[in-house]
Amino acid sequence: MKSPGSERSRLVPALMGPTGSGKTGLVCALDGERFEVVSCDSRQLYVGLEIGSAAPTEQEQARMPHHLVGLLGPDQTASVGFFRKRALAAIEDIFSHGRQPLLVGGTGFYYAALRSRLFDVRVPDRIRVEIEALTHEERIGRLRTLDPAAFVEPGEQPRSGRIHENDRYRVQRALEICVTTGRPWSGFWSPGERSATDHSFQLTGFWLNPPEEAYRAGLRTRAQSMISRGLVPEAGAVFEKYGECAALKTLGYREALAVYRGEQDETWLEDQLVVGHRQYAKRQRTWFRKEASLTPISAQAFAGALDELILKQA
């Protein structure tokens, strides 16, 4: 059998899945001397949000090495470009010392970015200044005129080439690219533009699809655990130091801050966490079902299917 870094076996298996579906527990049960995890989670990039983002604990990371966890301060902005650059470097590093990288997470937009190449458009300062002077609503209006296909429909999850109008960073970036190039931003994500990659590994794998009744019960237990572990003081500590920063837009932190300020109680917070995570998971499942490179799988079948996938590539 060829080693993980050999030319034929440059496979990066993925385990994606909705929030709270048990991905971390599954991969931490694997052999930590054989595998290393590259996190594909937009919020685990932040330090200080370990409870609310369900980042792997110190004990879990001792059993299974994790990359791309806790890299950014709460006041910094996570971007797909930042993630992609760091993920590619981590994957190559894991291959270089003879181990098998695993991509694990729930951020479909990041997964899609790793399966294709990013375009590099240098925006002139004069254009950036001009667009920064606009209000967010003005940017939305202008982008809708230049590239109506850039926005998702109501209830649709953002994906490659489609953004939500509330995403201030990506609305501004898409508008900058439209104005700079004279082309629709969404066009850069078309199959013809994006089919080639700038890396030499194959990314494919599974998405975790737990039974609905068990999943909903697990979300309740997870919400209770987050609260008992200190979600509210975690949110308060970040707020007191950084204010209403980008990281606090993570699911559950607005509600945790309401409890921190004395506006609500923990019973209310638990219910809000369950509902919020369930709604988010519904959007995630919709995205995963449409991703042809991912196969739905149960937790019980994952380890065997992973070994089979790796053996086929060897």
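Only one of these conditions is not met by Gly262: (1) out of contact with any Asp or Glu (no Cβ under 8 Å at 6 or more places or on another chain); (2) closer than 30 Å to Ala174 by Cβ; (3) modelled with pLDDT of 95 or more; (4) not in a helix (DSSP H, G or I). Which number is it?
Going through the list (1) out of contact with any Asp or Glu (no Cβ under 8 Å at 6 or more places or on another chain); (2) closer than 30 Å to Ala174 by Cβ; (3) modelled with pLDDT of 95 or more; (4) not in a helix (DSSP H, G or I), Gly262 breaks only (2).
If you go through the range 62-73 one residue at a time, do you hit one that is assigned to a helix (DSSP H, G or I), within 19 Å of Leu251 (Cβ to Cβ) and among the charged types (D, E, K, R)?
There is no residue in the range 62-73 that is assigned to a helix (DSSP H, G or I), within 19 Å of Leu251 (Cβ to Cβ) and among the charged types (D, E, K, R).
Looking at this structure, is Ala55 in contact (Cβ under 8 Å) with a residue 40 or more places away in the chain and under 30 Å from Ala301 (Cβ atoms)?
Judged against the criteria, Ala55 is not a match.
Taking the stated definitions as given, is Tyr260 over 23 Å from Ser42 (Cα atoms) and in contact (Cβ under 8 Å) with a residue 24 or more places away in the chain?
The answer is yes for Tyr260.
Which of the residues spanning the range 142-172 are surrounded by 16 or more Cβ atoms within 10 Å (Cβ to Cβ) and not in a loop (DSSP other than H, G, I, E, B)?
Arg142, Leu143, Leu146, Ala150, Phe151, Arg159, Arg162, Ile163, Arg170, Val171, Gln172
Confirm whether Ala55 is buried (at least 21 other Cβ atoms within 10 Å of the Cβ), in a loop (DSSP other than H, G, I, E, B), modelled with pLDDT of 95 or more and assigned by TED's automatic domain parsing to the domain that holds Phe239.
Judged against the criteria, Ala55 is a match.
Does Glu193 meet the test of being of a type outside the set (Gly, Ala, Ser), surrounded by fewer than 18 Cβ atoms within 10 Å (Cβ to Cβ) and either at pLDDT 95 or above or over 30 Å from Ala299 (Cβ atoms) (or both)?
So Glu193 fits the description; yes.
Restricting attention to the range 130-188, and to residues there that are out of contact with any helix residue (DSSP H, G or I) (no Cβ under 9 Å at 6 or more places or on another chain) and hydrophobic (A, V, I, L, M, F, W, C), which single residue is modelled with the lowest pLDDT?
Checked the range 130-188; the qualifying residue modelled with the lowest pLDDT is Val152.
The values are calculated or read from the model by the stated rules, or taken from the named source; none is laboratory data. These numbers were taken from a predicted model, which means no experiment stands behind them. Cβ sites come from the backbone with ideal geometry, for glycine too, and all protein chains shown count toward neighbours.
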